[in-house]
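Beneath this line is the structure, given in structure tokens, with notes to follow.
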Amino acid sequence: MARIRPRLILVEAWLVDAMRAACSGVDPMIVTPADIYSEATDDPSRFGGGPDSVALLQHSSGTTGLKKGVALTHHAILQQIAAYAEHLRLDPSRHRVATWLPLYHDMGLIACFLMPITMGIPFTGLDPFEWVARPWTLLETVEQDRCTHVWMPNFAFHQLSRTRGARRFSLGHVEAFINCSKPCRPETHALFTQTFADCGVVPAQLQVCYAMAETVFAVTQGDPGTAPRVLESAAIRSGPATSDTVEPVAVLSAGRAIRGVRIAILSEDGAALADGAIGEIAVSAPFLFSGYYRDPDRTAETLREGWYHTRDLGMLRDGELYVLGRSDDLLISRGRNFLAHEIEYATHGIDGLRPGRSVVFGYDDPGLGTQAIALVFETAGEDAAVNAALARAVKERVWQACDLVLNRVLPVRPGWLIKTSSGKISRAANRAQFLQQFPMA
């Protein structure tokens, strides 16, 4: 609150006193819906500025420090919505959105709330906690309300596949299940399509979107009605492999840039790279954010000469973008490149390993003379023999899938891993916690 210094806070009447106490020293105007309904017509300007004023701040998860607020203007939001809706060919007369996504996340806020409202498209919103408890309610809603567009992160496709049971749904009318994660996995699309094939789901219904708060939302999007291409690239890893069993790295296309967006792939020194080369993704668009709110140093680091430097790794191939992951997730061991999320994904399906409760990161080991790689996973119990067997299974699976010998595999108690407010495992925070609690590792 001290950094934001909000002019106005809208709350229900029963929260006014508590909010006023929480904002002591900041002293914003605190209003209720009744105040707006009764007074807005008298002086609408008191509640906002012009099209280039900041409409909202989309905050980061803030696990390792103070949340940074992405400042978005009214103009930027409306331009993004117009360009994205055009790419998707949205039509208020025949389209409807279903969502369980929380409104504090940009996927839920922009794609599933503000875009439908602005376009006049009906949508049905489920309580996120209800979805977590009963994931199939989303598909029941899609069937009952004849919803045509559904946005979800990659893990949600797995959750729906795992919890389907014997339930039947009619899903053939859906135009797009849009996977919006970094990165999106071809195995996820194959699993979802196979699981719900008897419900009418076909590969062309599953789409990919590359999005971020700094561009309001979408940067690229797959073409409606076309299954995303799958690229298998050996260039993602460098150096000689020591095993013939290494699985190739397959990446889904995130589609083409929406109207107004320019994408460049940059080398470490900032030079533009050729088609097919891997580097940092940089984005320019008419709806770029104004900067990180009251954080000029961080803004200057990432927003330079009209380009946002994302720190995401990717490549362009024939006009389509392939997103590999965060540059912070790139691990280099013995001259070879590994993506942390690829190592984590290799362990999926190991009996006894809790889905989504493991993390991979690198750390300096002077004794090795190279970066060491650790995998930490939460256990279901305290049986030392069981946990040791799980650790051996993890090391074996990673060796088979990635041709990598992990330097440390560590079981930890339930709840040890740190997650962000958006539900993602925080690699940096868990690495710091690991080095603090296990300094001799």
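For this structure, a couple of remarks:
- Members of the range 196-234 that are modelled with pLDDT under 95 and at positive phi: GLY225
- Any hit, the range 286-305, residues being over 25 Å from ALA83 (Cβ atoms), under 23 Å from the mean Cα position of the chain (by Cα) and of a type in the set (Gly, Ala, Ser): no
- The set of residues in the range 294-316 being over 15 Å from MET212 (Cα atoms) and crowded, with 20+ Cβ neighbours inside 10 Å consists of MET315, LEU316.
- Among helices (runs of 4 or more DSSP H) entirely within the range 49-146, having at least 2 residues that are under 20 Å from GLN205 (Cβ atoms), touching a strand residue (DSSP E or B) at 6+ places or on another chain (Cβ under 9 Å) and in the same structural domain as GLU301 (by TED's automatic domain parsing) singles out 74-88, 115-119, 137-144.
Let's see how each residue does on (1) under 19 Å from MET115 (Cβ atoms); (2) of a type outside the set (Gly, Ala, Ser); (3) touching a residue at least 24 places away in the same chain (Cβ under 8 Å); (4) crowded, with 20+ Cβ neighbours inside 10 Å:
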residue: GLN159; (1), (2), (3), (4): no, yes, yes, no
residue: GLY165; (1), (2), (3), (4): no, no, yes, no
residue: PRO183; (1), (2), (3), (4): no, yes, yes, yes
residue: PHE196; (1), (2), (3), (4): no, yes, yes, yes
residue: VAL216; (1), (2), (3), (4): yes, yes, yes, yes
residue: ASP223; (1), (2), (3), (4): yes, yes, yes, no
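- Leading residue by the ranking (modelled with the highest pLDDT) among those in the range 265-315 that are closer than 25 Å to ALA76 by Cα and among the polar types (S, T, N, Q): SER284
- The strands (runs of 3 or more DSSP E) found wholly in the range 317-436 and carrying at least 1 residues that are touching a Lys or Arg at 6+ places or on another chain (Cβ under 7 Å), aliphatic (A, V, I, L, M) and crowded, with 18+ Cβ neighbours inside 10 Å occupy 320-326, 358-365, 370-378, 408-412.
- Within the set LEU101, LEU126, the sole residue that is surrounded by 22 or more Cβ atoms within 10 Å (Cβ to Cβ), more than 22 Å from GLY50 (Cα to Cα) and in contact with a helix residue (DSSP H, G or I) (Cβ under 7 Å, 6 or more places away or on another chain) turns out to be LEU101.
- Some residue of the range 61-69 being of a type outside the set (D, E, K, R), modelled with pLDDT of 90 or more and out of contact with any Ser or Thr (no Cβ under 6 Å at 6 or more places or on another chain): yes
The values are calculated or read from the model by the stated rules, or taken from the named source; none is laboratory data. Only a predicted model underlies this, so the values are computations on that prediction, with no experimental measurement involved. Neighbour counts run over all protein chains shown; Cβ positions are idealised from the backbone, glycine included.
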